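Notes follow once the structure below has been shown.
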Amino acid sequence: MTRKLFHENVYLKEFTANILKIREKEGKYYLVLDQTAFYPEGGGQPHDLGWIGNCEVAYVFEENGQIYHVTHLPPEKPDHVKCRIDWNRRFDHMQQHLGQHLLSAAFEKLFDAKTVGFHLGTEYVTIDVTLEEMSPMQAEKVEYLANQFVMNNLQVKQLYPDAETLEKLPLRKPPKVKENIRIIEVDQVDYSPCGGTHPSQTGEVGLIKIRKWEKIRGITRVEFLCGNRALKDYHWKNHQINAISNLLSVKDMDVQSAVERICSENHSLKKDIRNLKEQFIDYEAAMLHGDAETLGPVKIIRKIFDQKDFAELRLLATKLVSQPNVVALLGTKDENKAQIIFSRSKDLEIPMHHLFKEISPMINGKGGGNPQIAQGGGNNLENLEKALETAYSMIAEQIS
């Protein structure tokens, strides 16, 4: 069994070890040491990274009581190898993990909410708690209590109690193992079975900040950050709030109300613009209908626009063919793409999807539709006018 130095001294950054076993598989090397400070993935906490001699450690895991260190290079020597863990990564995990204990304890003490899930990700940390709903006031109370635990700088101990002592401890959750049970005690505030790494004082956790929460399958998932992660989160948010307040010429405390006012005004303006655009399209449709070419009883509108929004083009076509005996052959183009829409009144029997299928190769187009309307686009801009002329000729031939 590898000696677990990460449980003996959580602050150990460098150590010397002997390599007991090397197993190669698919270009990777699995090293077993006689002792290690590398924490293996487990219990919701990610594995440590670092170096074993010249080998960079990419992954650490425990299997059947054996800890494996995965590297991409073989070690230069097996004995008295100098090892070093990535301390920044380890300490971040320690902050987040102990912060989770404190937050979970606060949820239980205030609202009798159990923690049933924990995930320590690269950016955020989440816990799942047995609350069907959580209000902002509840979140604020939990956050405040957890941070009081931090500011009181409580002592964190690891206990290995016997069965009799274990029965007397007010455990927040039952242990998952039956032997060598390790309990993390936070100065009589919290007792939790855990195999992870934690600072020895709660003050090292730093700020605990709940970012957001959501309801998932009858429980609440809470996303939070601790320590340096919370500080980084505050940095970018403070920067953005200050930038927005300067942009809007309001105090930082008034940013939300200012943005809400602008959003309301923007919504109203968008509605006015939509109404004006529709009025303009009504006018445009009337003009095009009045100037349309006539083939027998059928009016054919053939028109190419520059950089016209395709949604507006479709609306224009819809309004044109709302009149009887109308065919609309419309196109638009910008620097990169040509788009066409063929549409007809319901009282006509010209199959527009067949027409589009015949014409679309002229613009290298793709698309489709139904007998009444078909649309699509392609990259051959030069042939757009010719495509509409050909479509007109084909319809003229059908009508005649």
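Side notes on the structure shown:
- Any chance residue 169 is in the same structural domain as residue 101 (by TED's automatic domain parsing) and more than 25 Å from residue 85 (Cα to Cα): yes
- Taking every residue in segment 258-282 that is closer than 21 Å to residue 318 by Cβ and pairing it with any residue that is assigned to a helix (DSSP H, G or I) and not acidic (Asp, Glu), at least 6 positions away or on another chain, the pairs with Cβ-Cβ distances below 7 Å are 281/315; 281/316; 281/319; 282/319.
- Evaluation of residue 118 against (1) within 25 Å of the chain's Cα centre (by Cα); (2) over 14 Å from residue 226 (Cβ atoms); (3) surrounded by 14 or more Cβ atoms within 10 Å (Cβ to Cβ) (one fails), failing number: (2)
- Residue count for segment 208-264, restricted to those that are small (Gly, Ala, Ser) and in contact with a Leu (Cβ under 8 Å, 6 or more places away or on another chain): 3.
- Checked against (1) surrounded by 13 or more Cβ atoms within 10 Å (Cβ to Cβ); (2) under 23 Å from residue 11 (Cα atoms), residue 130 meets all criteria but (2).
- A count restricted to segment 358-400 and to residues that are part of a helix (DSSP H, G or I) and either under 17 Å from residue 301 (Cβ atoms) or not β-branched (Val, Ile, Thr) (or both) stands at 24.
- Taken together, the residues in segment 1-43 that are over 18 Å from residue 88 (Cα atoms), touching a Gly at 6+ places or on another chain (Cβ under 8 Å) and assigned to a loop (DSSP other than H, G, I, E, B) amount to 2.
- Filter result for residue 27 (closer than 28 Å to residue 213 by Cα, outside the structural domain of residue 211 (by TED's automatic domain parsing) and at pLDDT below 95): no
- Restricting attention to segment 180-203, the residues that are in contact with a helix residue (DSSP H, G or I) (Cβ under 7 Å, 6 or more places away or on another chain) and not in a strand (DSSP E or B) total 8.
- Qualifying residue in segment 13-31 (condition: touching a Phe, Trp or Tyr at 6+ places or on another chain (Cβ under 9 Å), crowded, with 20+ Cβ neighbours inside 10 Å and among the aromatic types (Phe, Trp, Tyr)): no
- Matching residues in segment 160-174 - criterion: being exposed (fewer than 12 other Cβ atoms within 10 Å of the Cβ) and assigned to a loop (DSSP other than H, G, I, E, B): 160, 162, 170, 174
- Restricting segment 352-379 to residues that are more than 39 Å from the chain's Cα centre (by Cα) and surrounded by fewer than 19 Cβ atoms within 10 Å (Cβ to Cβ) leaves a set whose member that is nearest to residue 398 (Cα to Cα) is 354.
- In segment 236-261, the residues that are more than 20 Å from the chain's Cα centre (by Cα) and either under 29 Å from residue 90 (Cα atoms) or not in a helix (DSSP H, G or I) (or both): 238, 239, 249, 250, 251
- Counted residues, segment 231-256 - those being out of contact with any Lys or Arg (no Cβ under 8 Å at 6 or more places or on another chain) and hydroxyl-bearing (Ser, Thr, Tyr): 1
- Residue 177 vs. criteria surrounded by 20 or more Cβ atoms within 10 Å (Cβ to Cβ) and outside any helix (DSSP H, G or I): no
- Identity of the residue in segment 338-351, under 21 Å from residue 309 (Cβ atoms) and of a type in the set (S, T, N, Q), that ends up nearest to the chain's Cα centre (by Cα): 339
- Entry remark, segment 136-159: residues being without any contact (Cβ under 8 Å) to a residue 60 or more places away in the chain and surrounded by 17 or more Cβ atoms within 10 Å (Cβ to Cβ) number 6 in total.
- Some residue of segment 39-61 being under 25 Å from residue 126 (Cα atoms), without any contact (Cβ under 8 Å) to a residue 60 or more places away in the chain and touching a Cys at 6+ places or on another chain (Cβ under 8 Å): no
Okay, residues lined up against (1) in the same structural domain as residue 148 (by TED's automatic domain parsing); (2) in contact with a strand residue (DSSP E or B) (Cβ under 9 Å, 6 or more places away or on another chain); (3) in contact (Cβ under 8 Å) with a residue 40 or more places away in the chain; (4) over 30 Å from residue 58 (Cβ atoms):
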residue	(1), (2), (3), (4)
96	yes, yes, yes, no
99	yes, yes, yes, no
102	yes, yes, yes, yes
105	yes, yes, yes, yes
112	yes, no, no, yes
117	yes, yes, yes, no
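The values are calculated or read from the model by the stated rules, or taken from the named source; none is laboratory data. This is a predicted model, so every value here is computed, not measured. Backbone-built Cβ (ideal geometry, glycine too); neighbour counts: all protein chains shown.
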